[in-house]
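K.L.:
Can you keep this structure in mind? I'll have questions shortly.
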Amino acid sequence: MQNGMEKCEMKWKLAGVTLMAVFGMAAGSLSAAEKAVERVNTAAKVLEEVMGTPEHAIPSDLFNKCQCVAVIPGVKKAGLGLGGQYGKGVLSCRGKEGNGWSGPSTVRIEGGSFGLQIGGSSTDVILLILNERGMEKLLQSKFTLGADAAAAAGPVGRSAKAETDVQMHAEILSYSRSRGAFAGISLEGSTLRQDADDNKAIYGEEVTPRQIISGAVAPPASVKMLIDTLNKYSPVKGK
């Protein structure tokens, strides 16, 4: 009887190892560049879905005034209500003199606790960077929302009052979408940092976030969807 149980347990272990190997092969089937580009295109889809419903989207006047936009799709929670969030996304900024939106520079968000629902698989996060001072903070290797840059939950919808006292003093407005609901949310305590490996994977060489954001590096055609989406909902003046 004991031998039978041991054999059964061994079969389940072998089956588990096999499944892990299969899923691991599937996950590893995409190259680093393909994964990075796929994340950029997912960010474009998130932005399209959010902005495509004006009554529940980021107010257009705020979108048109912002200096940069960061989209981090599918932020995962590491624990139940105890923080430990993690996600990877992209940042694009307006070019000067009507040069359009920049190519994407990749970012990671870590730590903090920003209301991911228990049982929810992931949350999409969008950040509006309102001025050049906030942009400069984003170009640092790492900074903390609320400590290194003033952040506030952003208003939603056409009738939202964009010029509240809190938002006027904020450098970054933050939003999240979870279970289909889109709303402003506090991200204080969360850190943002640049992702040099993903930038290299997308651009094919080592490039700095400043080179990307300034337009010194031309974005590849593979990330055109994000730039087109940004120009659709907030065209750069002079284009």
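The values are calculated or read from the model by the stated rules, or taken from the named source; none is laboratory data. Keep in mind it's a predicted model, so treat the numbers as computed, not measured. Virtual Cβ from ideal backbone geometry, glycine too; neighbours counted across all protein chains shown.
K.L.:
Taking CYS66, is it in contact with a strand residue (DSSP E or B) (Cβ under 6 Å, 6 or more places away or on another chain) and either at pLDDT 90 or above or loosely packed, with under 12 Cβ neighbours inside 10 Å (or both)?
P.N.:
Yes: the conditions hold for CYS66.
K.L.:
Taking the stretch 149-163 on its own, how many of its residues are surrounded by fewer than 19 Cβ atoms within 10 Å (Cβ to Cβ), at pLDDT below 85 and within 19 Å of GLN67 (Cβ to Cβ)?
P.N.:
Residues that pass the stated criteria total 2.
K.L.:
Only one residue in SER141, SER214, SER105, SER176 is modelled with pLDDT under 85 and either within 23 Å of VAL46 (Cα to Cα) or assigned by TED's automatic domain parsing to the domain that holds SER92 (or both), so which one is that?
P.N.:
The match here is SER141.
K.L.:
Could you go through the stretch 114-127 and let me know if any residue there is surrounded by fewer than 18 Cβ atoms within 10 Å (Cβ to Cβ), in contact with a helix residue (DSSP H, G or I) (Cβ under 8 Å, 6 or more places away or on another chain) and at pLDDT below 85.
P.N.:
No, the stretch 114-127 has no match at all.
K.L.:
Can we say THR191 is at negative phi, of a type in the set (Val, Ile, Thr) and touching a residue at least 40 places away in the same chain (Cβ under 8 Å)?
P.N.:
yes
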